[in-house]
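In what follows, a structure is listed as structure tokens, so that the remarks can point back to it.
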Amino acid sequence: MAQCTRFTCSHCAFGIDSWDDGNPYFADAAGKRHYFYHPGGESAMRAYYQVETALLMETKTFAEFAQERSGNEGDWLCENCGRQTQRDPRRDSMRCSGCKQETLIANSRLEGRPCPKCKNGTFKGEFTGIS
Ligand SMILES: [Zn+2]
Ligand SMILES: [Zn+2]
């Protein structure tokens, strides 16, 4: 179950959805990320682990493999230029790919923050549902 909160600017119409569960992934040997969305995320991740370790002839446990390869990308907003992006703060640079500033904020923390689009309003969150 994922919960969604929609943050809307009090001045312009700019709105952003914040999902509470992020985007879980495994990186493959080349670093490319494969995403596992619910439902069935856990069993799909185990299936991926089996294929990948067989391919590389590795003898890792699922826990070791997950430790090395897994991550979770959240949704982030640049407070400087308004660009939306997905990042894993444990592994990724937190510099905005648009304006090159380190001004990313997690979508879940937008309550009361200034709107980067119009620079006049602030965000207000409203619970919008579960999927
Ligand atoms: Zn605004
Ligand atoms: Zn930016």
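The values are calculated or read from the model by the stated rules, or taken from the named source; none is laboratory data. All values derive from a computational prediction rather than experimental measurement. Positions of Cβ are generated from backbone atoms using ideal geometry, with glycine treated the same way; all protein chains shown enter the neighbour counts. These accessible areas exclude ligands, DNA and RNA; they are computed on the full protein's heavy atoms, side chains included. Shrake-Rupley method; radii C 1.70, N 1.55, O 1.52, S 1.80 Å.
Net charge dipole, the chain: roughly 560 debye, given to the nearest 20, about the Cα centre with Cβ charges of +1 for Lys and Arg and -1 for Asp and Glu. Got the relative contact order for the stretch 25-115 handy, in percent, Cα pairs under 8 Å and 6 or more residues apart? Averaging sequence separation for qualifying contacts and normalising by length gives 21 percent for the stretch 25-115.
In the context of the full set of protein chains, the stretch 3-130 has a per residue accessible area of 60 Å² (1.4 Å probe). Normalised Debye scattering of the chain at q = 0.10, 0.13, 0.16 Å⁻¹ gives log10 I(q)/I(0) of -0.41, -0.64, -0.85, counting only Cα atoms as equal scatterers and leaving out solvent. Give, as ranges by residue number, the residues of the stretch 7-51 whose backbone N falls under 20 Å from the point 7 Å along Cα→Cβ of M57. Once the point is set 7 Å along Cα→Cβ of M57, 29-30, 49-51 turn out to lie under 20 Å by backbone N, inside the stretch 7-51. With both labels modelled 7 Å from their Cα along Cα-to-Cβ, the Q86 to Y37 distance reads 0.9 nm. Since only A54, A30, P114 are under comparison, the one whose Cα sits farthest along the positive direction of the charge dipole of the chain, derived from C-beta charges on Lys, Arg, Asp and Glu, is P114.
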